[in-house]
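Below is one structure, written out as structure tokens, with a few remarks after it.
The values are calculated or read from the model by the stated rules, or taken from the named source; none is laboratory data. This one's a predicted model, so the numbers in the text were calculated from it and none came from an experiment. Glycine gets a Cβ as well: all are built from the backbone with ideal geometry, and neighbour counts include every protein chain shown. These area figures cover heavy atoms from the full protein model, side chains too; ligands, DNA and RNA do not enter into them. Shrake-Rupley method; radii C 1.70, N 1.55, O 1.52, S 1.80 Å.
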Amino acid sequence: MSVGPPPVREELEDGIDLERLKVVPARYPWRWIATGVVAVLLAMAGHALVTNPAWDWKVVGEYLFYETILRAVWLTLKLTALGIVLGFAIGTVLALMRLSRVPLLTSVAWTYVWIFRSVPLILQLLFWYNLAILYRYLSFGVPFGPSFVQVATMDLIGPLTAASLGLALHQGAYAAEIVRAGVLSVDQGQLEAAAALGVPRGRQLRRIVLPQAMRTIVPTAANEIVGLVKGTSVVYIMALPELFYQVQVIYNRNGRIIALLLVATIWYMIITSILSAAQFYVERYFAKGSARVLPPTPLQRLRAAVAGWRG
């Protein structure tokens with residue numbers, strides 16, 4: 001067994017032995033205090049929800065999957081889908097008009113956005129619902145000339161059509177600004193470089209502008225979609241049996257107001273949670289090639305913690 005020289009101890013310039021230094025982790029007492037306060041408040045809120053009989057959880061469970069409630073949820077989703085698809089189609093056209101160099105197109109698009117953002121949604125819905133008062137018949141034919149087809153307004157625009165039309169036109173004004181902001185967020189130098197390389201305008205829009213603009217468009221558009229899910233409750237003025245209206249009908253009949261409001265709350269939370277999860281994956285898809293890294297989801301954090309415990 002060979003005996004070598006003793007290990008040389010690393011020392012600081014003033015001669016202090018590094019091995020004898022005690023490493024003390026940084027302490028954050030206020031973090032623990034804040035965590036304890038929030039945990040106590042959450043426990044109190046949970047205890048109040050569970051133990052207070054006025055919440056009537058038995059009735060909530062009875063009506064959560066009630067047939068009329070499920071039909072109302074489906075109508076809410078249908079109105080949301082129609083409003084978003086048609087609204088963003090209108091908004092995209094308006095955004096391109098705002099970005100156009102033609103003064104008339106720019107003025108018309110600006111005026112549209114100004115009007116539909118100024119008038120409350122409930123007034124717009126009432127206007128379209130009562131359109132037959134202004135125009136008893138809608139005719140289709142040559143502009144300022146003879147008409148070939150004439151239809152009664154009441155037959156053409158029913159409550160569901162009026163609600164979809166009102167939601168789409170209202171949403172189009174906001175979607176136009178969202179799309180316009182996304183397009184303007186793309187560096188103009190990239191378009192100039194593409195034009196110098198001879199890339200056609202249509203391909204510039206599809207391959208260069210749109211993928212980068214979606215990083216700005218998606219978060220704001222997702223907020224608008226979530227807002228529209230809850231905004232569909234305004235159509236109760238047309239007596240359409242969407243979720244909020246149907247809940248009102250039921251609790252006016254049985255008097256269980258809080259329980260039925262909880263049913264509506266749970267369904268709205270389920271829908272918005274699904275949309276939020278979809279937003280995360282859409283954002284992650286369009287963030288490819290970007291230096292920005294999305295934060296992990298709560299599920300990913302939980303998986304990482306479980307993997308750490310097993311390791």
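Sequentially through region 84-91, phi angles give Karplus couplings (6.51, -1.76, 1.60; θ = phi - 60°) of 6, 5, 5, x, 6, 5, 5, x Hz, Gly and Pro residues having no value and appearing as x. Ignoring the sites themselves, the chain has its longest run without trypsin sites (Lys or Arg not before Pro) in a DSSP loop having at most 11 other Cβ atoms within 10 Å at 137-287.
Quick one: check the C-alpha center-to-center distance for region 56-105 versus region 159-213, whole angstrom. Region 56-105 and region 159-213 have Cα centres separated by 20 Å. Residues of region 81-116 with an amide N closer than 19 Å to a point placed 7 Å from the Cα of residue 195 along the Cα-to-Cβ direction: 96-103, 106. For the chain, the carbon plus sulfur part of the accessible surface works out to 66%, probe radius 1.4 Å. The modelled label-to-label distance for the pair residue 161/residue 277, using points 7 Å beyond Cα in the direction of Cβ, is 3.8 nm. For residue 137, nonlocal amide neighbours, meaning residues 5 or more places apart or on other chains whose placed amide H falls under 5 Å from its own, are 153. Quick one: net charge around residue 262, please, counting Lys, Arg +1 and Asp, Glu -1 for every other residue with C-beta under 11 Å from its C-beta. Charge balance in the 11 Å sphere: 0. For the chain, modelled as a GNM whose springs connect Cα atoms under 10 angstrom apart, the maximal fluctuation among 160, 123, 70 occurs at 123. Under the simplified labelling scheme, the residue 184-residue 49 pair shows an inter-label distance of 4.1 nm, with each label point 7 Å from Cα along Cα→Cβ. Computed per residue of the chain from DSSP H runs no shorter than four, each worth -39500 (n - 2.57), the mean residue ellipticity at 222 nm is -22000 deg cm²/dmol. Between residue 40 and residue 119, the modelled label-to-label distance comes to 5.4 nm, taking each label 7 Å out from Cα in the direction of the beta carbon.
Surface analysis of the chain yields an accessible area of 68 Å² per residue, using protein heavy atoms and a 1.4 Å probe. Return the FRET efficiency for the residue pair residue 138, residue 101: r is the Cβ-Cβ distance, R0 is 35 Å, and the value is rounded to the nearest 0.05. It comes to 0.55.
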